[in-house]
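**Student:** Once you've had a glance at the structure underneath, I'll fire off some questions.
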Amino acid sequence: MQLALLGAPMDLGAGRGGVDMGPSAIRCAGLTKQLQMLGHSVTDLGNIDIREPETLDVGDPTVKYLDPIEAATVELAQRVAAVDPATTTIVLGGDHSISLGSIAGAVAKYGPMGVLWVDAHGDFNTHLTSPSGNIHGMVLAALSGIGAPRLTSIGGFSPKLLPEHIVILGARSLDQGERDLLHQQGVHVFTMHDIDRHGLPQIAEQALALATAGGVPLHVSFDIDVVDPRDAPGVGTPVPGGMTFRDAHLVMELIAETGALRSMDLVEVNPILDHANQTGELAADLICSAFGKRIF
């Protein structure tokens, strides 16, 4: 495959700093070389430019850092859309607010898409329901056309995603407001309870079938905090009881088997909180599993 890497070193949407160093941590784990060893052609497009929060005003506390996040995700959407459609783009985060740009750009290029949102959180808050005002928790709602107009309109069109083509996998921490919105919109949500009760292979295959129903291409948005903190300590919002190392790899291996993957982002690696780049290395390995790496 033809692959393009693009870094989005942003921590403006998160509640704590550090994830802006995520793209470097993943690259330092040898991602490009590993993908090339799998036979892929890899082009690294570098990073988009994002200002540091220390130099900026928070602005409206219900949508913190809205101005720079809007500017950065608009640029990211343009960069992703400009990549040749025959090349699969992998965006390295950065906090989850970058998905406003990566998915807007992918949909602009490919048309209607299904999204597998692998995350401990639903990210379906709005400025009216968010308890923190952090935009990384509003992304999926905004992509669905719900929330602050300046977030929903990034990329110049809204909605980017239809609820029936959105599948959240691995959720284990949902705020009441976003839980209500998810039910109202009919988004498919598979929690860790579902995985524990029915087994990961069955749930993951069901999730992928729903996300790609009708033959739509697939975008995968993988938040590394879906993995249990014992295996992924370098995340800003850790929640106990997550997927194991092998669970996460199985999800990515099943994604590869669909043949539907056209774009992806991997987000929320925080080297400040990590141990010897353990989480950065896991992120690189997981991306490789999504592109064909196998045990045997």
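**Student:** Here is a list: 139, 83, 58. Which entry is out of contact with any Pro (no Cβ under 6 Å at 6 or more places or on another chain) and free of Cβ contacts under 8 Å to residues at least 24 places away in the same chain?
**Tutor:** Answer to the check: 58.
**Student:** Oh, and also: Any residue at all in the stretch 93-108 that's in a strand (DSSP E or B) and at pLDDT 95 or above?
**Tutor:** Scanning the stretch 93-108 turns up at least one residue that is in a strand (DSSP E or B) and at pLDDT 95 or above.
**Student:** From the residues in the stretch 39-67 that are closer than 18 Å to residue 93 by Cβ and at pLDDT below 95, which one is surrounded by the most Cβ atoms within 10 Å (Cβ to Cβ)?
**Tutor:** 50
**Student:** Return the residues of the stretch 249-296 that are of a type outside the set (A, V, I, L, M, F, W, C) and either on the phi > 0 side of the Ramachandran plot or surrounded by 24 or more Cβ atoms within 10 Å (Cβ to Cβ) (or both); say none if nothing qualifies.
**Tutor:** Taking the stretch 249-296 as the starting set, the residues that turn out to be of a type outside the set (A, V, I, L, M, F, W, C) are 249, 253, 257-259, 262-263, 265, 268, 270-271, 274-275, 277-281, 285, 289, 292-294.
Within the stretch 249-296, 259, 263, 265, 268, 270, 277, 279, 280, 292 meet the criteria.
**Student:** Continuing with this model, one more query. Of the residues 161, 200, 174, 151, only one is under 22 Å from residue 214 (Cα atoms) and either of a type in the set (A, V, I, L, M, F, W, C) or buried (at least 17 other Cβ atoms within 10 Å of the Cβ) (or both); which?
**Tutor:** Going through 161, 200, 174, 151 in turn, the sole match is 161.
**Student:** Here's a follow-up. Give the stretch 1-51 a look and list any residue that's assigned to a strand (DSSP E or B) and at positive phi, or say none.
**Tutor:** Across the stretch 1-51, the qualifying residue is only 46.
**Student:** Given (1) within 30 Å of residue 233 (Cβ to Cβ); (2) crowded, with 24+ Cβ neighbours inside 10 Å, identify the lone condition not met by residue 88.
**Tutor:** Of the numbered conditions (1) within 30 Å of residue 233 (Cβ to Cβ); (2) crowded, with 24+ Cβ neighbours inside 10 Å, the odd one out for residue 88 is (2).
**Student:** Another one. Of the conditions (1) within 26 Å of residue 197 (Cα to Cα); (2) modelled with pLDDT of 95 or more, residue 259 fails just one. Which one is it?
**Tutor:** (1)
**Student:** Tell me, yes or no, whether the stretch 261-280 has at least one residue that is touching a Pro at 6+ places or on another chain (Cβ under 7 Å), of a type in the set (D, E, K, R) and either closer than 18 Å to residue 220 by Cα or in a helix (DSSP H, G or I) (or both).
**Tutor:** yes
The values are calculated or read from the model by the stated rules, or taken from the named source; none is laboratory data. Source: prediction; values computed, not measured. Cβ atoms come from the backbone with ideal geometry, glycine included; neighbour counts cover every protein chain shown.
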